[in-house]
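Colleague: Dropping a structure here in C-alpha cells format, bear with me for questions.
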Amino acid sequence: MSTMGTISLGYEPKPRRYHYFRSSILVIHTIAWTTPVEDAWKLNFSACAPNGLRHGGAGYVLREHHGIFKAARAEPLPNDFSHIEAKLVALNLGLQEAVVQGIDYLEVEGHSPYAMELVIDDEAPLAPSIRPIVHKCRKLLRQFKLVKFHPVAAYANRAAAKIAEMATNETEIQRWTMEPPDEIAKILVDDMTGYWESIYN
C-alpha cells in the first residue's frame, strides 16, 4: 500500500476558453482538457440528484496522462439520495476504479468543490448520512502517492456529467473499459481538440 504524499485543492490548471464576437453572436471556443502532472491519470466525476421524473445517477470517466480513455461507469442511485450523497458516491466509485487500475498519481476534477472539500478536510463536520461515504473516500485516497483536486466549471466536466445523466435512465450498473460509450466518445475528443458554442444576444 502506498503512502499518500499530498492532497491539494487548487484551481489550476484551467480549461482554455476563447471568446469571439460576430455581429450579435458570441462565439466561444473551449478546450476542456488540461494535461495532468507527469505520469498522473485524470478522474472526472459527476452526479444527478433524483427528482419526480427519474432516479439519481452517479458517473465517472478515467483517462490516462495523454487523454486516452480507460474507464467509465454509470450507476443508478436510490431516490432517497441527496445531491451531495450522489456526488460523493460518484467520487468514491471513481477512486475505486483508479485503485483497481493501479495508479499512483491521480488528478481529480469535478464541478462540486464542496464534495472535494469534505473528503480533504479531516476537520469538516459530517452529517450522519454522508459520514460513511466520506470515510470510504478518505481511505481510498491513502492508496495513492499523490492526489490533486481541481474544481472545474460544468463545461469542463461534460463527459462525467453525461455519464451521470445516462445512469438516471438505467436500471443496472453500466461500466466501460478501453472503449467509451458512443454517448461520450465525441465529448472526449472535443475536450482535447476544442468545441464551439454560439450564444445569441
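Colleague: Hey, among the residues in the range 11-36 that are aliphatic (A, V, I, L, M) and either touching a Ser or Thr at 6+ places or on another chain (Cβ under 7 Å) or within 17 Å of Met116 (Cβ to Cβ) (or both), which one's surrounded by the fewest Cβ atoms within 10 Å (Cβ to Cβ)?
Modeller: So, considering only residues that are aliphatic (A, V, I, L, M) and either touching a Ser or Thr at 6+ places or on another chain (Cβ under 7 Å) or within 17 Å of Met116 (Cβ to Cβ) (or both), the one surrounded by the fewest Cβ atoms within 10 Å (Cβ to Cβ) is Ile25.
Colleague: Taking the range 64-83, which residues are within 27 Å of Ile130 (Cβ to Cβ) and either open to solvent by 40 Å² or more (accessible area, probe 1.4 Å) or under 11 Å from the mean Cα position of the chain (by Cα) (or both)?
Modeller: Answer for the range 64-83, where residues must be within 27 Å of Ile130 (Cβ to Cβ) and either open to solvent by 40 Å² or more (accessible area, probe 1.4 Å) or under 11 Å from the mean Cα position of the chain (by Cα) (or both): Ala72, Arg73, Pro78, Asn79, Asp80, Phe81, Ser82, His83.
Colleague: Inside the range 3-34, can you point out the residues that are modelled with pLDDT of 85 or more, among the β-branched types (Val, Ile, Thr) and more than 15 Å from the chain's Cα centre (by Cα)?
Modeller: The answer is Ile25, Val27, Ile28, Thr30, Ile31.
Colleague: Can you spot a residue in the range 181-195 that is under 24 Å from Ala32 (Cβ atoms) and assigned to a strand (DSSP E or B)?
Modeller: Yes: one or more hits.
Colleague: Out of (1) in contact (Cβ under 8 Å) with a residue 40 or more places away in the chain; (2) farther than 18 Å from Met166 by Cα, what's the single condition that is false for Glu75?
Modeller: (2)
Colleague: Quick test of your reading of the structure: Tyr105 fulfils all but one of (1) open to solvent by 20 Å² or more (accessible area, probe 1.4 Å); (2) closer than 30 Å to Ser198 by Cβ; (3) in contact with a Pro (Cβ under 9 Å, 6 or more places away or on another chain). Name the failing condition by number.
Modeller: With (1) open to solvent by 20 Å² or more (accessible area, probe 1.4 Å); (2) closer than 30 Å to Ser198 by Cβ; (3) in contact with a Pro (Cβ under 9 Å, 6 or more places away or on another chain) applied to Tyr105, the lone miss is (2).
Colleague: Give the residue that is surrounded by the fewest Cβ atoms within 10 Å (Cβ to Cβ), with candidates limited to residues of the range 116-133 that are in contact (Cβ under 8 Å) with a residue 40 or more places away in the chain and part of a helix (DSSP H, G or I).
Modeller: Glu117
The values are calculated or read from the model by the stated rules, or taken from the named source; none is laboratory data. Since this is a predicted model, take the numbers as computed values, not measurements. Here Cβ is always computed from backbone atoms with ideal geometry, including for glycine, and neighbour counts include all displayed protein chains. The protein model used for the area step is the full one, side chains on, heavy atoms only, and it has no ligands, DNA or RNA in it. Shrake-Rupley method; radii C 1.70, N 1.55, O 1.52, S 1.80 Å.
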